[in-house]
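**Student:** Structure provided below as structure tokens; questions to follow.
The values are calculated or read from the model by the stated rules, or taken from the named source; none is laboratory data. As the structure is a computational prediction, the values presented were derived from the model and not from experiment. Heads up, the Cβs are rebuilt from the backbone with ideal geometry, glycines too, and the neighbour counts pull from every protein chain shown. For the accessible areas, the whole protein counts, side chains as well, though only heavy atoms, and no ligand, DNA or RNA atoms are used. Shrake-Rupley method; radii C 1.70, N 1.55, O 1.52, S 1.80 Å.
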Amino acid sequence: VQLQASGGGLVQAGDSLKLSCAASGRTSSTYKMAWFRQAPGKEREFVAAINRIFSNTLYADSVKGRFTISRDNAQNTVYLQMNSLEPEDTAVYYCAADSNIRLSTLVAEYDYWGQGTQVTVSS
């Protein structure tokens, strides 16, 4: 499975941004897909996840009410709509996927990773 993330950029606080992650290859293995982020000097942290069949979602407390994860199974693409962005959201955002349908916040429970896209929010 290959994951290609896109949509990052430089925005101001309060702005919105939408990230995309397109899966290719053995997409039948992408039962759950997620977004993580990693700021300089910090560990990679969970942002949001969604499963393929029931579209159940899971969010980190820090983004609830501001970010929305969605997916288009026909396009094998997952999206992250980010609203009311804050400087604390600045990070490299990574998409991830795994064949286990159970949603998880743990890095270790995702087998496939994209290359990351930079999101910078200025104050």
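**Student:** Would you pull out the residues with amide H under 5 Å of R71's amide H, same chain only if 5 or more places away, H placed 1.01 Å from N?
**Tutor:** When sequence neighbours closer than 5 places are left aside, the close amide H contacts are Y79.
**Student:** In whole Å, how far is the Cα centre of region 79-123 from that of region 39-65?
**Tutor:** Spelled out, the Cα-based centre of one part sits 7 Å from the other.
**Student:** Can you find, among I69, A48, S24, the residue farthest towards the positive end of the dipole of the chain? Put +1 on the C-beta of Lys and Arg, -1 on that of Asp and Glu.
**Tutor:** Result: S24, furthest along the dipole toward the positive end.
**Student:** Right, next: GluC sites (Glu not before Pro) within region 24-89: which are DSSP loop residues with at most 16 other Cβ atoms inside 10 Å?
**Tutor:** E43
**Student:** For a distance above 18 Å, tell me the whole-number percent of Cα pairs in region 4-74 that qualify.
**Tutor:** 46
**Student:** List the residues of region 70-102 whose backbone N lies under 13 Å from a point placed 7 Å from the Cα of L10 along the Cα-to-Cβ direction.
**Tutor:** The answer is none, because no backbone nitrogen lies closer than 13 Å to the label point.
**Student:** Can I ask one more? What three numbers, in Å, describe the spread of the alpha carbons of the chain along their principal axes, ordered from the longest?
**Tutor:** Principal-axis extents of the Cα atoms in the chain, largest first: 41, 28, 24 Å.
**Student:** Counting pairs of alpha carbon atoms under 8 Å apart in space and at least six apart in sequence, what relative contact order in percent does the chain give?
**Tutor:** 37
**Student:** Using mean Cβ contacts within 10 Å as the protection proxy, how do 21-32, 53-64 order, highest first?
**Tutor:** So the peptides 21-32, 53-64, ranked by packing, come out 21-32, 53-64.
**Student:** Near the amide H of T90, under 5 Å away, which other amide H atoms are found, from residues 5 or more places off or on another chain, if H is placed in the peptide plane?
**Tutor:** Here the answer is V121, since their amide H atoms fall under 5 Å of that of T90.
**Student:** If N is the number of residues in region 74-123, what value comes out of its Cα radius of gyration divided by 2.2 N^0.38 Å?
**Tutor:** 1.35
**Student:** In what sequence, largest accessible area first, do V47, V1 appear using a 1.4 Å probe?
**Tutor:** V1, V47
**Student:** State to the nearest 20 debye the size of the charge dipole of the chain about its Cα centre, where the only charges are +1 on K and R beta carbons and -1 on D and E beta carbons.
**Tutor:** 320
**Student:** Follow-up. Quick one: which residues, 5+ away or cross-chain, put their amide H under 5 Å from the amide H of G116? H built at 1.01 Å from N.
**Tutor:** Those lying under 5 Å, H to H, from G116 are A5, C95.
**Student:** R0 = 22 Å: FRET efficiency of D61 with S24, Cβ-based, nearest 0.05?
**Tutor:** 0.10
**Student:** A further question on this structure: Please report the relative contact order for region 9-58, taking Cα pairs under 8 Å with a sequence separation of at least 6, and give it as a percent rounded to a whole number.
**Tutor:** Value for region 9-58: 25 percent.
**Student:** Here's something else I'd like to know. Convex hull over the Cα atoms of region 45-98, averaged projected area in nm²?
**Tutor:** That works out to 4.1 nm², a quarter of the Cα hull's surface.
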